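Read the structure below first, then the notes.
Read the figures in this text as sums done on the coordinates, not as results from a lab. On a predicted model such as this, the values are computed, not experimentally measured, just so you know. Glycine also receives a Cβ, built like all others from the backbone with ideal geometry; neighbour counts cover every protein chain displayed.
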Amino acid sequence: MAQVFDTSGRVQPVTVIKALPVIVTQNKTLEKDGYEALQVGYGVQKESRVNKAQKKKGNFIGYKEVRPHFAEVSLGELEKFEVGDTVQISGVSKGKGFQGVVKRHGFHGGRRSHGQKHSEREPGSIGGAGRAGGRVAKGMRMAGRMGGDRVTVKNLKVVDVNDTEGTIYISGAVPGRRGTLLELRIMN
C-alpha cells in the first residue's frame with residue numbers, strides 16, 4: 001500500500017497494482033463451444049517455457065476465461081482503466097493457517113472465574129445427542145484452516161493510472177498478499 005495526494009491536498013490510502021498485459025486470445029461462441037466466454041492471456045513468459053500447443057496463441061504466463069456481459073469483443077488488447085472508474089477486485093485472500101474459534105469465528109470463549117481452568121478460548125458445547133442425533137451437525141463452526149478463500153471486494157475507485165510503469169492505484173485494500181494474481185472488473 002501507499003499514499004497519494006488528491007487535488008484538494010488530502011492524502012488517500014491506495015493499493016498499487018502492477019497490471020500485466022491482458023490480450024483476448026479466443027472468443028468462445030455458443031455455436032462452436034456450447035457457451036459464451038472470452039479467453040484472455042496475461043503476462044509475458046520466456047518462449048522456452050511455453051509448450052508447443054500454446055505457442056500458437058502467444059507466450060503468456062497463464063489463461064483465464066471470463067463470461068462476457070457485453071456484446072462482441074475482437075481479438076487483441078482489452079480496454080484500459082481510467083481515473084474515476086469503479087471496480088470490483090477478486091483474488092485469493094491471505095492464508096492464516098490453523099486457527100481457533102475465537103480468531104476464526106469471533107467466539108468469546110469461556111468465563112475466567114468460578115473454577116474455570118484453561119477454558120478462555122475454547123468453543124464450548126457443540127450440540128450433542130438430542131438435536132443432531134449423536135453426531136456433529138454439518139456446518140458447525142469449529143477451529144480449522146482460515147483464509148486462502150476467493151474474496152471479492154466491490155466499489156473500489158481507481159485513483160491514478162500510470163501507463164509507463166503499468167501500475168493502477170486503487171483506493172483501499174485488496175485481497176491477498178504481495179504477488180497475488182487479481183482480477184479487476186469495471187462495474188456498471
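List of remarks:
- For the stretch 20-70, lysine pairs separated by 8 or more sequence positions, or belonging to different chains, with Cα-Cα distances below 21 Å total 14.
- Built amide H within the under 5 Å cut-off of Gln12, gap 5+: Val4, Phe5, Asp6
- Under 25 Å from Lys96, Cα to Cα: lysines that are on another chain or at least 8 residues apart: Lys18, Lys138, Lys154
- Considering only Gly128, Gly176, Gly62, the Gaussian network model of the chain with Cα springs below 10 Å gives its largest mean-square fluctuation to Gly128.
- Note on the chain: GNM, Cα springs under 10 Å; of Glu47, Glu82, Glu65, the largest mean-square fluctuation is that of Glu47.
- Kirkwood Rh (inverse of mean 1/r, distinct Cα pairs), the stretch 85-188, angstrom: 17.4 Å
- Residue exposure sequence - Arg112, Arg145 - by fewest surrounding Cβ within 10 Å: Arg112, Arg145
- Cα point-scatterer Debye curve for the stretch 116-160, base-10 log of I(q)/I(0) at q = 0.20 Å⁻¹: -0.87
- Only Cα sites of the chain enter the Debye sum here, all with the same form factor; the resulting log10 I(q)/I(0) across q = 0.08, 0.14, 0.17 1/Å is -0.46, -0.95, -1.16, listed in q order.
- The stretch 1-56: relative contact order in percent, alpha carbon pairs under 8 Å with at least 6 residues between: 23 percent
- Using a Förster distance of 45 Å, the FRET efficiency for Lys117-Lys94 (Cβ separation, nearest 0.05): 0.85
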